[in-house]
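Reading through the structure tokens given below for one structure.
The values are calculated or read from the model by the stated rules, or taken from the named source; none is laboratory data. The structure presented is a predicted model; accordingly, all values stated were derived computationally and were not measured. Cβ placement follows ideal geometry from the backbone for every residue including glycine, while neighbour counts extend to all protein chains displayed.
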Amino acid sequence: MTNKNQKGFSLIELLIVVAIIGIIAAIAIPNLLASRRAANEGSAQQSLRTISSAEATYYATAGNGNYGSLANMMAQSLVDSVLGTATTAATPKSGYTFVVGGVSATAFVAAAAPTTNAGVTATGTRDFCIDQTGVLNGRTSASTTPANSCGAAGFGPVGN
């Protein structure tokens with residue numbers, strides 16, 4: 001007498017489940033990557049706003065009428081060490097590198113660029129900059145090096 005009451009899944013049933021999981025992953029992964037890029041860009045925008053506020057505070061206090069570099073503002077605890085050292089691709093903040101340039105008594109330019117701006121592993125698709133006017137500008141990323149000026153080609157106010 002043989003026992004015909006076998007329990008378990010057949011190979012076909014398992015293959016159907018694997019195929020369904022594959023289809024769901026093919027749909028979900030691109031959306032997940034796009035969400036990560038958007039989050040990185042939002043973080044970069046907020047970091048530039050933080051730098052702009054820190055510059056205004058530095059100008060009015062420790063700078064004695066001059067704007068400061070990231071190192072100056074980090075020394076005064078106006079920016080944290082993660083943002084203050086996010087100046088190279090080796091030490092990015094949320095996939096972006098930052099630079100503060102054009103520092104003088106009358107002006108500064110803070111800019112951010114994605115460490116990778118193309119392909120599946122892109123950390124962002126836009127460059128951003130802000131200057132002493134406090135207007136945040138953006139453009140489609142042309143390189144992984146932050147801009148020197150908000151007046152550079154392609155920059156326009158974010159949100160317009």
Test each condition in (1) surrounded by 10 or more Cβ atoms within 10 Å (Cβ to Cβ); (2) farther than 20 Å from Ala112 by Cα; (3) within 19 Å of the chain's Cα centre (by Cα) for Ile16 and report the one that comes out false. (3)
Hey, could you check region 89-111 for residues that are among the hydrophobic types (A, V, I, L, M, F, W, C) and part of a loop (DSSP other than H, G, I, E, B) and say which is nearest to the chain's Cα centre (by Cα)? Ala89
Hits in region 117-153 (condition: exposed (fewer than 13 other Cβ atoms within 10 Å of the Cβ), farther than 21 Å from Ser35 by Cβ and free of Cβ contacts under 8 Å to residues at least 24 places away in the same chain): Thr133, Gly151, Ala153
Name, by its number, the condition in (1) more than 17 Å from Asp131 (Cβ to Cβ); (2) in a helix (DSSP H, G or I); (3) without any contact (Cβ under 8 Å) to a residue 40 or more places away in the chain that does not hold for Ser43. (3)
Unique match (being part of a loop (DSSP other than H, G, I, E, B) and surrounded by fewer than 18 Cβ atoms within 10 Å (Cβ to Cβ)) among Asn31, Asn64: Asn64
Determine the pairs where a residue that is within 15 Å of Gly84 (Cβ to Cβ) and without any contact (Cβ under 8 Å) to a residue 24 or more places away in the chain, located within region 54-66, has a partner that is assigned to a loop (DSSP other than H, G, I, E, B) and of a type in the set (S, T, N, Q) with Cβ atoms under 6 Å apart, the partner being 6 or more residues away or on another chain. Ala62/Gln76
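Conditions tested, residue by residue: (1) at pLDDT 90 or above; (2) surrounded by 12 or more Cβ atoms within 10 Å (Cβ to Cβ); (3) under 20 Å from Ala142 (Cβ atoms); (4) in contact with a strand residue (DSSP E or B) (Cβ under 8 Å, 6 or more places away or on another chain).
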| site | (1), (2), (3), (4) |
| --- | --- |
| Ile24 | yes, no, no, no |
| Gly42 | yes, yes, no, no |
| Ser53 | yes, yes, no, no |
| Ala60 | yes, no, no, no |
| Pro114 | yes, yes, yes, yes |
Ala86 fails exactly one of the following numbered conditions: (1) touching a Pro at 6+ places or on another chain (Cβ under 6 Å); (2) part of a strand (DSSP E or B); (3) without any contact (Cβ under 8 Å) to a residue 40 or more places away in the chain. What is the number of that condition? (2)
Residue check: is Gly151 modelled with pLDDT under 95, farther than 25 Å from Pro30 by Cα and not aliphatic (A, V, I, L, M)? yes
